[in-house]
Structure formats: C-alpha cells, structure tokens
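Got a structure for you, questions after.
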Amino acid sequence: MKWILGAGLTATSSTALLALPALLAVRRVLAMRGAAPLPRGGLERDLVMGAGVIGALGALAWADGCALALGSCGAAEMAILPATCVAPVPLAAVSWVAGEMLSGSSLRPFASFTFAAAVATATSWLSYAALWAGQPRRPLDLGLVGIQLMVMFSSSLLAAKTYLAVRGEPLASLPAEVVALERAARDYSSSMSENRSLRGCSSGFF
C-alpha cells in the first residue's frame, strides 16, 4: 500500500509540475494561432504515435541517467520508480501536445488527455506491480533496460491511441452548433458532479 500512495502522490506532482504547464501553453498557442499545419489523416496519426515513441525514449534516458548518476548500488530501483511513477502523465501529455499542435484543437481536449493519462498510469503501475514490486535492490543492466523500454513503449503508445480515439473531430471542421452542444453537455455533466459532491458533504454533516 505504501508504494501505491507514493505513486499517487508522485503522479499528482508530475501532472502539476510537468504536464499541466505544457497543456496550458498549448491551449494558449492554439487560441492565438490560425489554421493548423496538418489535416487529420494517416500522416498526422503516425506523427502523434511517433511523438509517443520519442517521448518514451526520452523518459527512459532521463530515468536511467538520473539513476546512474546517483550510483550503481540500487540503480535499478532508482530508474524504475521515475519511469513508472513520474513519467506516465507527461508521456500522455506528449501525444496530446503533438496532436493538438499538428491538427488543431479537438472537440474533447480535456477528456482525451484525462483518458490518455489514466491509461498510461494504469499500464505503468500494473507493470511495476507485476515485474518489480518487492524485488531486491540490484544494479541497472541491459536486460532491465530492455524490460523498461517495453513498459515505456506500451504506456506511451497506449496513451497515444487513447487520445486519438477520444479526442473527436477538430473544432475548425465542425459547425458552431455542434461545438456549442458538446460544451453544454460537458458543462451539465460538471454541474451534476458538483451537485452530487455537495449533497454528499451535506449528508455527512447532518
């Protein structure tokens, strides 16, 4: 249970410090930019998936580099924890940023990122629990790096596929009525969730 709590806290911190600033910056750029550089299609989807691959390689290099810099004793643990607990949400952000920047703002930007981040996090945490939880400390070797690479690729590419499946059409290609209806439905869902939360708090006090 301790590693679950620690992983949750780490994921929250990485979201606030690493992913959220990038998402806000992209939203600002999209608000000021004109037409998107690429239309939706096979090339754009391949580039989004490629961004996921590059993100996984970068995250792996960062995690293993930090572990090796801190010393060889227990370097595997120091490499695994950042790769499976810190990296998942930023990896989801990589694909989201690539897609939104390449083809423009999507109909469901918040939902697509949320689902992608959830898939990346679940994949990484389940991999950690299955492969490394409770294992003795060991040095970082090529065999472990290979396993890390498969986990990172799985997490990042599943997040990219989830983003592509959930994001919907680009806003620029949709009639204003469709966009307004989607936003109204999203606002209604948010207000219902807030009302349920308030009722739950009230029932707890009285």
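What residues of segment 147-173 lie in the reach of a label at residue 45, counting those whose backbone N is under 13 Å from a point 7 Å from the Cα along Cα→Cβ?
The answer is 161-168.
Follow-up. With Cβ to Cβ distances under 12 Å as the rule, what net charge do the other residues near residue 33 carry (K, R +1; D, E -1)?
Here the charged neighbours net out to +1.
Starting from the Cα of residue 17, step 7 Å along the direction of its Cβ; do the same at residue 135; then give the gap between the two resulting points in nm.
2.5
Would you mind putting 154-167, 55-68 in packing order, based on average other-beta-carbon counts within 10 Å, highest first?
Put in order of decreasing packing, that is 154-167, 55-68.
Shifting gears a bit: Around residue 148, with a cut-off of 14 angstrom between Cβ atoms, what is the net charge of the other residues, counting Lys and Arg +1 and Asp and Glu -1? Show your work: numbers first, answer last.
Working: positive: 138; negative: 64, 77, 141.
Residues near residue 148 contribute -2 overall.
Based on the mean of other Cβ atoms within 10 Å per residue, sort peptides 117-124, 84-91 so the most packed one is first.
84-91, 117-124
Values in this text are rule-based calculations from the coordinates and carry no lab data. Computed from a prediction, not measured in an experiment: that's the story for all the values here. As a convention, Cβ positions derive from the backbone with ideal geometry for all residues, glycine included, and neighbour counts pool all protein chains shown.
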